[in-house]
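Chemist: Got a structure for you, written out below as structure tokens; questions coming shortly.
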Amino acid sequence: MYNSDKVIVGIIIFILFFAMPFWLNFGKAKALPKPELPSDTKECVESREYMRAFHMKMLLDWRDKKVREGQVYYINSQGKFFKMSLQNTCMKCHKSMEKFCDRCHTTISAHPDCWRCHIAPEEVKKWQ
Amino acid sequence: MNVFFSFIITLILVLIPVVGVGLLGLDPLFGIVIPYVAFLIFFFGLIYRIIDWARSPQPFKIPTTCGQQKSLPWIKHSRLESPFTMKEVYLRMFFEVFLFRSLFRNLRADLVGKRLIYGSAKWLWLGAILFHLSFLVIMLRHLRFFIHPVPSLVDIIAKVDGFFQLGIPPIYHTDLFILAGLFLLLLRRLVDSKVNYLSHASDYFPLFLILGIVISGILMRTIFKVDVQAVKELAYGLATFSPVLPSHKIGVLFYIHLFLVSVLAAYFPFSKLVHMVGVFFSPTRNLPNNNRAERYINPWDYPVKYTTYCEWQERFRDVMEEAGIPIDDEWCKETAEAQKQA
Ligand code: HEM
């Protein structure tokens with residue numbers, strides 16, 4: 001092999017770069033945090049599978065319908081009525097932002113900025 | 001023809017996970033086995049290519065230059081265009097790899113009437129740089145699926161990349177840039193008849209494949225949401241060598257994305273895409289232009305068996321004396337002594 005010193009440095013850099021997902025975890029598997037599900041109710045607005053993937057779409061949809069079109073209720077696939085509100089519907093069942101929403105969002109590095117204006121349940125407690 | 005062939009192949013590749021996961025439910029195969037195998041092929045394939053290239057001898061020093069070489073002190077030396085020291089070569093290489101400096105000089109040639117006219121053509125450079133840099137940023141951002149907790153640098157890149165917060169979840173700027181870059185590169189091959197003539201299926205296929213990856217990724221983020229939390233479980237399991245199927249089912253679109261990525265990774269070392277490592281082995285780029293100052297020894301050179309004048313003279317002494325050709329013993333003695341001393 002010609003220029004083996006440089007080539008070996010190159011191979012090492014290449015391995016370090018593309019194996020980043022492996023060595024940045026230092027090879028140990030920690031349990032990913034799990035959001036705390038409400039204990040007093042059994043069902044969410046829609047099915048659990050749907051909520052996990054589409055809740056941000058639903059929130060945006062609610063925001064548009066409520067704020068821009070003046071509708072008040074959302075009818076889910078079972079025909080149940082829900083008042084469209086982030087604080088007064090979602091957070092009435094999911095009583096914590098930190099233990100529910102944020103547990104997922106920090107693991108996946110999503111940064112919803114809703115709580116800059118909307119008031120999280122934690123925040124409410126502080127002021128009472 | 002080449003275009004359609006590559007397009008059909010890409011479509012078939014899209015359909016494989018649709019059937020495999022959507023109909024047959026082979027999640028472990030498409031979520032764990034194929035990605036691992038593809039990654040191994042990528043890794044060892046590339047290392048094999050690197051070593052293969054490094055073992056090939058480089059007979060001559062052939063840097064391509066486009067500037068004044070180092071000369072007399074009062075002549076201005078163009079250090080990047082005609083590097084003289086290795087430091088200058090590294091600098092030139094850096095700009096080549098990160099900014100595609102030589103592509104910036106890309107020219108177009110057109111026949112106007114009977115005259116050949118050259119003009120500047122920056123489209124190729126623009127498309128290439130948009131595509132490659134966006135790809136890099138997207139790869140770094142994707143680390144959020146593989147690492148826990150997410151490194152703050154990855155977090156910052158994601159925040160900057162979604163700075164304008166268009167939509168929920170916000171669209172990343174690099175997603176738009178990479179699409180623009182890919183379409184520019186594709187259009188160039190389709191529209192420019194000269195490039196079109198030179199394009200093979202192996203030129204279109206990577207473009208379609210990467211377009212497939214990018215479009216499936218963007219659709220997954222904006223319209224057909226998948227359970228990203230479950231994706232993290234899967235990807236994190238892969239990265240920590242403790243693969244698990246996530247506790248919730250992930251949409252088929254994700255498996256399309258992942259399968260196309262696996263195909264790309266496995267195809268990479270054996271296609272034109274290896275130019276990623278090939279660029280570092282380009283003798284026209286990675287050598288200094290100092291031929292006159294430093295002798296470059298061809299590694300092919302082997303000890304040639306030759307006869308010196310003195311040996312020759314020794315051999316034909318009789319014949320030479322007979323023919324009256326002068327014999328130069330004095331000189332031979334001198335050179336032999338000089339060689340002994342050296
Ligand atoms: C060649 C490598 C890859 C490329 C070019 C690529 C490209 C993309 C692009 C352009 C997006 C759109 C959103 C964004 O920019 O973040 C995306 C999303 C996504 N990719 Fe990839 N991807 C690659 C590899 C992977 C791998 C290996 C996984 C497996 C974990 C993956 C999983 C995802 C997921 C889950 C999304 C949706 C993200 C969301 O909804 O926020 N990608 N991909």
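The values are calculated or read from the model by the stated rules, or taken from the named source; none is laboratory data. No experiment lies behind these values; they were computed from the predicted model shown. Cβ coordinates were reconstructed from backbone atoms using ideal geometry, including for glycine residues, and neighbour counts include every protein chain displayed. Calculation scope for accessible area: heavy atoms of the full protein, side chains included, ligands and nucleic acids excluded. Shrake-Rupley method; radii C 1.70, N 1.55, O 1.52, S 1.80 Å.
Chemist: Restricting the search to region B:251-277, which residues are within 11 Å of the ligand (Cβ to nearest atom) and β-branched (Val, Ile, Thr)?
Modeler: Those that are within 11 Å of the ligand (Cβ to nearest atom) and β-branched (Val, Ile, Thr): B:Ile256, B:Val261, B:Val263.
Chemist: Okay, next question. Exactly one of (1) within 14 Å of the ligand (Cβ to nearest atom); (2) more than 14 Å from chain A (Cβ to nearest Cβ); (3) of a type in the set (A, V, I, L, M, F, W, C) is unmet by B:Val195. Its number?
Modeler: The one condition B:Val195 does not meet is (1).
Chemist: Scan region B:206-249 residue by residue and report those that are open to solvent by 10 Å² or more (accessible area, probe 1.4 Å), facing chain A (nearest Cβ under 9 Å) and of a type in the set (D, E, K, R).
Modeler: B:Lys225, B:Glu233, B:Lys249
Chemist: Checking B:Arg79 against (1) touching a residue at least 40 places away in the same chain (Cβ under 8 Å); (2) in contact with a helix residue (DSSP H, G or I) (Cβ under 6 Å, 6 or more places away or on another chain), only one condition comes out false. Which one?
Modeler: Unmet condition: (1).
Chemist: Residues of region A:14-54 being facing chain B (nearest Cβ under 10 Å), farther than 27 Å from B:Lys225 by Cβ and assigned to a helix (DSSP H, G or I), which ones?
Modeler: A:Phe14, A:Ile15, A:Phe17, A:Phe18, A:Phe22, A:Trp23
Chemist: Of the residues B:Ser82, B:Ser134, which is within 23 Å of B:Leu182 (Cα to Cα), at pLDDT 90 or above and among the polar types (S, T, N, Q)?
Modeler: Sole residue among the options that is within 23 Å of B:Leu182 (Cα to Cα), at pLDDT 90 or above and among the polar types (S, T, N, Q): B:Ser134.
Chemist: Still on this structure, I have one more. Tally up the residues in region A:92-128 that are assigned to a helix (DSSP H, G or I) and away from chain B (no Cβ under 11 Å), please.
Modeler: 17
Chemist: Let me ask another. Among all residue pairs at least 6 apart or on different chains, which show Cβ distances below 7 Å where the first residue, located in region B:140-151, is more than 7 Å from every other protein chain (Cβ to nearest Cβ) and the second is open to solvent by 30 Å² or more (accessible area, probe 1.4 Å) and among the hydrophobic types (A, V, I, L, M, F, W, C)?
Modeler: B:Leu140/B:Ile157; B:Arg141/B:Ile157
Chemist: Hey, another quick one. Read through the list (1) touching a helix residue (DSSP H, G or I) at 6+ places or on another chain (Cβ under 6 Å); (2) near the ligand (Cβ under 10 Å from one of its atoms); (3) among the basic types (Lys, Arg); (4) in a helix (DSSP H, G or I), then give the number of the only condition that B:Arg221 fails.
Modeler: Unmet condition: (1).
Chemist: Here are the criteria: (1) modelled with pLDDT of 90 or more; (2) open to solvent by 80 Å² or more (accessible area, probe 1.4 Å); (3) in contact with a Pro (Cβ under 9 Å, 6 or more places away or on another chain). Tell me which single one B:Glu311 does not satisfy.
Modeler: It is condition (3) that B:Glu311 fails.
Chemist: Within 14 Å of the ligand (Cβ to nearest atom), in a helix (DSSP H, G or I) and over 14 Å from B:Phe145 (Cβ atoms): which single residue out of B:Phe208, B:Phe280 fits that description?
Modeler: Numbers: B:Phe280 fails: within 14 Å of the ligand (Cβ to nearest atom).
From the options B:Phe208, B:Phe280, the qualifying one is B:Phe208.
Chemist: Report whether or not B:Ile178 is assigned to a loop (DSSP other than H, G, I, E, B), touching a helix residue (DSSP H, G or I) at 6+ places or on another chain (Cβ under 7 Å) and either away from the ligand (no atom under 16 Å from the Cβ) or modelled with pLDDT of 85 or more (or both).
Modeler: When the stated conditions are applied, B:Ile178 does not pass them.
To keep it simple, each residue is scored yes or no on (1) surrounded by fewer than 19 Cβ atoms within 10 Å (Cβ to Cβ); (2) among the charged types (D, E, K, R).
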{"position": "B:Ile117", "(1), (2)": "yes, no"}
{"position": "B:Ser134", "(1), (2)": "no, no"}
{"position": "B:Pro151", "(1), (2)": "yes, no"}
{"position": "B:Asp155", "(1), (2)": "yes, yes"}
{"position": "B:Gly167", "(1), (2)": "yes, no"}
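Chemist: Quickly run through region B:176-205 and pick out the residues that are open to solvent by 20 Å² or more (accessible area, probe 1.4 Å) and of a type in the set (Ser, Thr, Tyr).
Modeler: B:Ser193, B:Tyr197, B:Ser202
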